[in-house]
1. With each pseudo-label sitting 7 Å past Cα toward Cβ, what's the Val225-Glu86 distance in nm, one decimal?
2. Give me the distance in nm between label points sitting 7 Å out from Cα along the Cα-to-Cβ direction at Ile204 and Arg188, one decimal.
3. Among 58-64, 36-42, how do they line up by average Cβ neighbours within 10 Å per residue, starting with the highest?
4. Please list, short to long, the whole-number percent of alpha-carbon pairs of the range 14-126 in consecutive 10 angstrom bins beginning at zero.
5. What's the ranking of 195-202, 242-249 by average number of surrounding C-beta atoms within 10 Å, highest first?
6. Along Cα→Cβ, 7 Å out, is where each label goes; now give me the distance between the ones at Leu13 and Leu63 in nm to one decimal.
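Here, each number is a calculation from the coordinates, and none is a lab measurement. The model shown is predicted, which means the values in this text are computed figures rather than measured ones. With ideal geometry, Cβ positions are generated from the backbone for all residues, glycine too; neighbour counts draw on all protein chains shown.
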Amino acid sequence: MAEVARRRTDRILSPVRIRIIGNDMSGSSFAEETTTVSFNQQGARISLNHTLLLDDIILIKNLENEIEDEFRVVGAFQQVFGDRREWGIEALNPKSGIWGVEFSELAEGLSSNVLIECAACKKAAQSALSSIQYDVLLATGLLSRHCDRCGETTRWRPSEQALTPEIIAAGSKPSPSIQERRKARRLRLNMRIRVRNTWGIVDICQTRDVSKIGLCFLSTQVFQVRDELYITLPFADQQTPVETKSVIAWADQNANGRFYGVKYVK
């Protein structure tokens, strides 16, 4: 019975251990282990010490089932204590199974249709919001969303404008910025990692970008395509290394050094 109830619950209040990789407000790359506050198929509410960039893409790995996927930062909730704050994030691939839960489909008409407007240009749109977006709007009165009139991501708020057919039509169009983000699977992140191969060669180097299936790094060492590597990401002195097995898919060299593209091996 508990499992049946769990599958039918739209929002689950449960602390799932996760690792987040992204860029903070200053543009610096970071990795932080934390837990979810709640989650559903469309996204999650998480607690972090680092600040996030609105509308940015972050990588989240479920440390219990090792599934990793991409999420978009929707907005910030209240500050919990100190510098720690809760954030709302939206899944770019809701069917990834990252939470290890089988969600039932919501009945038609249960999504929240809200009339919102761009705070910059006042353009209004009736938009179907996910539960995470709706929570952020209720808590803060603002959402981050692409505005095609402004040509960039702007803040949106509840609107008191009269609902017209033009507004309804505008709200039914998918956001082009999210569609483009879904195609851009590589995140520009400069992080310190430890790399070793099966021959015992070890290097502490920097990533150029990462994705949920692999990464690119810069090294002074010579590796070969198809070499097996064991990568610790992120790497910090005196930490217990947790290595990820990978294989080199390509190699390149320029004036800055040797670049390697690796693919994670399950």
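1. 5.0
2. For the pair Ile204/Arg188, the computed spacing is 2.6 nm.
3. Working: 58-64: 18.9, 36-42: 20.6.
So the order, starting with the most tightly packed, is 36-42, 58-64.
4. 13, 42, 31, 14, 1
5. Numbers: 195-202: 13.0, 242-249: 15.4.
Descending packing order for the listed peptides: 242-249, 195-202.
6. Once both label points are built, they end up 2.3 nm from each other.
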